[in-house]
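The values are calculated or read from the model by the stated rules, or taken from the named source; none is laboratory data. Keep in mind that what you see is a predicted model, and the values were worked out from it rather than measured. Cβ coordinates were reconstructed from backbone atoms using ideal geometry, including for glycine residues, and neighbour counts include every protein chain displayed. Note: areas computed on protein heavy atoms with side chains; ligands, DNA, RNA excluded. Shrake-Rupley method; radii C 1.70, N 1.55, O 1.52, S 1.80 Å.
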Amino acid sequence: MGRYVIRRLLQMVPVFIGSTLLIFVMVYALGDPVAALFGDRAPDPATAAQIRKDLYLDHPLWQQYVHYMAQIFQGNFGTAFDGQPVLTLMSTAWPLTIRLTIVAVVVEAVIGVVLGLFSGLRRGRTVDSGVLVLTLVVVSVPTFVSGYVLQYLFGVEWNLVNPSVSPAAPFSELLLPGIVLALVSLAYVTRLTRTSVVENHRADYVRTAIAKGLPRHRVVLRHLLRNSLIPVVTFIGTDIGALMGGAIVTERIFNIHGVGYQLYQGILRQNSPTVVGFVTILVIVFLIANLLVDLLYAVLDPRIRYA
Amino acid sequence: MPEPSSAQDPAESVGNAGAGGTMDFAAEQAGSLTAPPPGEHLVPEGGTTTGKPRSLWSDAWHDLRRNPVFVVSALVIVFLVLISIWPKLIASGNPLACDINKSQDGPAPGHPFGFDLQGCDVYTRTVYGARASVTVGVCATAGAAILGSVLGGLAGFFGGWWDAVLSRISDVFFGIPIVLGGLVFLSVVTNTTVWPVIGFIVLLGWPQIARIARGAVMTAKQHDYVQAARALGAGNTRILLRHIAPNAVAPVIVVATIALGTYIALEATLSFLGVGLKPPTVSWGIDISTASTEIRDAPHMLLWPAGALSVTVLAFIMLGDAVRDALDPKLR
């Protein structure tokens, strides 16, 4: 187990370097951050040179990258171009996005698994077809459409929730944005659970469990569902990173000043330290979520052992 | 399931039993999506088959033609392709001819969907918007599928260091959320054509296809007919093209069809965020973005392009679903 974790952690290193380098090159090489600072006006060459020197932009790109990473691992994420330390932005943005992601993950896991189990057990019946058609429709409606429509219906037309989230963003206000964020993944979780339940329904251990007279709920929950959850857990794990990154659209619709909002602002204004800083954390979250998922396999399926 | 009559020769009866079993299962699969007419799977097989067993492809085609999901989505897609090539077929107006006096007006004679913020005809713009979406979807999918299956296929076939490098590279791409990557990459592009968007989607989309192609080639490589071909002296090129490619292409086609739908949604999302397609290109994403701020006053501005976008994405995803049900060997 310990050796497995260490091996996986080592494998993460090249992926981490690759992802952050890719974003770093995109942000710093494709645009000119100094020119962006001055907007439409051409900067004074001496001033531009001084800024480049201060921001370590006068070195070759790979040296900038090494310098930047060294700074990050000392806890210094640099300063956004508007003078705020990136860490300050992060300390206000991350809690919001984490709360939003928690709502979304809980929604997609609970509703998705329940719906998937329900339709998988009633394979071929009306309930099953209905759920499958519903998931297809949900997958086809892009988040920014469902977001605006639900915001309009619940927030304006029926006046059930506040259409825009307040700065404190308590969980109750994040319920609707969380559902919007989770919708597409919810459909995938439902379909995955259903397929998996249908496949395992015919497995020998399920027949054995029924044959030895276990009550139905025990067969379904402990034998069938637990064995069907592995692909679902994989999906949810890899989805955590995607949800946080995909929150750009949801946060924009509901006016939540989280990670997606900061990234969007940072990208549009070419605020490079903000963008690279937030993305670096996102990549780390994504990698760790994947590792945790692999470790969860052993809990779900005792046949899997890590050497 | 009717058994073939005893008068037929044994080879045919084997072929028919196989095909019949398949049909039965496919009907069940189709039934899980939309209930087939009762007794559909009881159609005798003997009349439609020739003497020899059907190949995977003709078998799949046989199933697909009877699958209502496939027929409906294929018709929608043919219609979309037609209007994206010749929008004048159903819309005679000019999508860029706008009258600001009619801003946000509701439906009027000759303008069934009403007018948008600039006073442009929403119906005409919705019809013309198909072109951008279909172009981006088709080109990006073709690019990602070709690049992904060549790189992934070679990695699966030869293995070794190239395989290891490719796996790490796709890990890197998987680590970057796609909307985020699109924002970063496209925000610095000033070109207003569809090509930067297509290029970006290919760049971030190929690893997914490569992974599927790699797995499919690795499975096909194990089969006896590949060993047989090698024993008969066939070279790598011949084995890859004649024996492995035809047997590994099915999963790639399935994933690519479903990806096409998601790429169209992705293009609209990027256009919505202001970094994808840009005016004067007519795109559903741009129109939805403009309409989103006016949803309280003029919901029709949002609903028509959003509906068209959703139906398009749905059609491609359903097509991919139906093709998967017909091709997936696990379901046979």
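Overview of results
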read-out: Test: residue in region A:152-172 that is in contact with a Gly (Cβ under 9 Å, 6 or more places away or on another chain), in contact (Cβ under 8 Å) with a residue 24 or more places away in the chain, outside any helix (DSSP H, G or I) and of a type in the set (A, V, I, L, M, F, W, C); value: yes
read-out: Unmet criterion (only one of (1) assigned to a helix (DSSP H, G or I); (2) of a type outside the set (Asp, Glu); (3) surrounded by 24 or more Cβ atoms within 10 Å (Cβ to Cβ)) for A:Val285; value: (3)
read-out: Residues satisfying the stated conditions in region A:118-127, i.e. at pLDDT 85 or above and either within 8 Å of another protein chain (Cβ to nearest Cβ) or open to solvent by less than 20 Å² (accessible area, probe 1.4 Å) (or both); value: A:Ser119, A:Gly120
read-out: Residues of region B:175-185 classified as more than 7 Å from chain A (Cβ to nearest Cβ) and crowded, with 24+ Cβ neighbours inside 10 Å, total; value: 1
read-out: Boolean, A:Val107 is surrounded by 13 or more Cβ atoms within 10 Å (Cβ to Cβ), under 21 Å from A:Phe24 (Cα atoms) and touching a residue at least 24 places away in the same chain (Cβ under 8 Å); value: no
read-out: Qualifying residue in region A:181-197 (condition: open to solvent by 70 Å² or more (accessible area, probe 1.4 Å) and away from every other protein chain (no Cβ under 13 Å)); value: no
read-out: Region A:17-26, residues that are facing another protein chain (nearest Cβ under 8 Å) and either open to solvent by 20 Å² or more (accessible area, probe 1.4 Å) or at pLDDT 80 or above (or both); value: A:Gly18, A:Ser19, A:Leu22, A:Ile23
read-out: Subset of region B:37-82 (residues that are among the charged types (D, E, K, R) and either modelled with pLDDT of 60 or more or assigned to a loop (DSSP other than H, G, I, E, B) (or both)); value: B:Glu45, B:Lys52, B:Arg54, B:Asp59, B:Asp63, B:Arg65, B:Arg66
read-out: Residues of region A:247-274 classified as within 12 Å of chain B (Cβ to nearest Cβ), more than 16 Å from the chain's Cα centre (by Cα) and either more than 18 Å from A:Val103 (Cβ to Cβ) or not in a helix (DSSP H, G or I) (or both), total; value: 9
read-out: Failed item in (1) open to solvent by 20 Å² or more (accessible area, probe 1.4 Å); (2) more than 16 Å from A:Val105 (Cβ to Cβ); (3) under 28 Å from the mean Cα position of the chain (by Cα), with A:Thr238 passing the rest; value: (2)
read-out: Residue list for region A:89-98, filter: of a type outside the set (Gly, Ala, Ser) and open to solvent by 60 Å² or more (accessible area, probe 1.4 Å); value: A:Thr92, A:Ile98
read-out: Any hit, region A:58-75, residues being in contact with a Pro (Cβ under 9 Å, 6 or more places away or on another chain), open to solvent by 60 Å² or more (accessible area, probe 1.4 Å) and at pLDDT below 80; value: no
read-out: Qualifying helices (runs of 4 or more DSSP H) (wholly inside region B:237-332; at least 2 residues being surrounded by fewer than 20 Cβ atoms within 10 Å (Cβ to Cβ) and either within 11 Å of chain A (Cβ to nearest Cβ) or at positive phi (or both)); value: B:299-327
read-out: Checking A:Gly213 against (1) open to solvent by 50 Å² or more (accessible area, probe 1.4 Å); (2) in a helix (DSSP H, G or I); (3) at pLDDT 85 or above, the condition it does not meet; value: (2)
read-out: Checking A:Thr195 against (1) free of Cβ contacts under 8 Å to residues at least 40 places away in the same chain; (2) farther than 26 Å from B:Gly274 by Cβ; (3) polar (S, T, N, Q), the condition it does not meet; value: (1)
read-out: Restricting region A:153-165 to residues that are open to solvent by 40 Å² or more (accessible area, probe 1.4 Å) and either at the interface with chain B (Cβ under 8 Å from one of its Cβ atoms) or of a type in the set (Gly, Ala, Ser) (or both), the residue that is farthest from B:Ala315 (Cα to Cα); value: A:Ser164
read-out: Residue list for region B:186-205, filter: in contact with a Pro (Cβ under 7 Å, 6 or more places away or on another chain) and surrounded by 19 or more Cβ atoms within 10 Å (Cβ to Cβ); value: B:Leu186
read-out: Odd one out for A:Ser91, checked against (1) farther than 30 Å from B:Glu267 by Cβ; (2) at pLDDT 85 or above; (3) away from every other protein chain (no Cβ under 14 Å); value: (2)
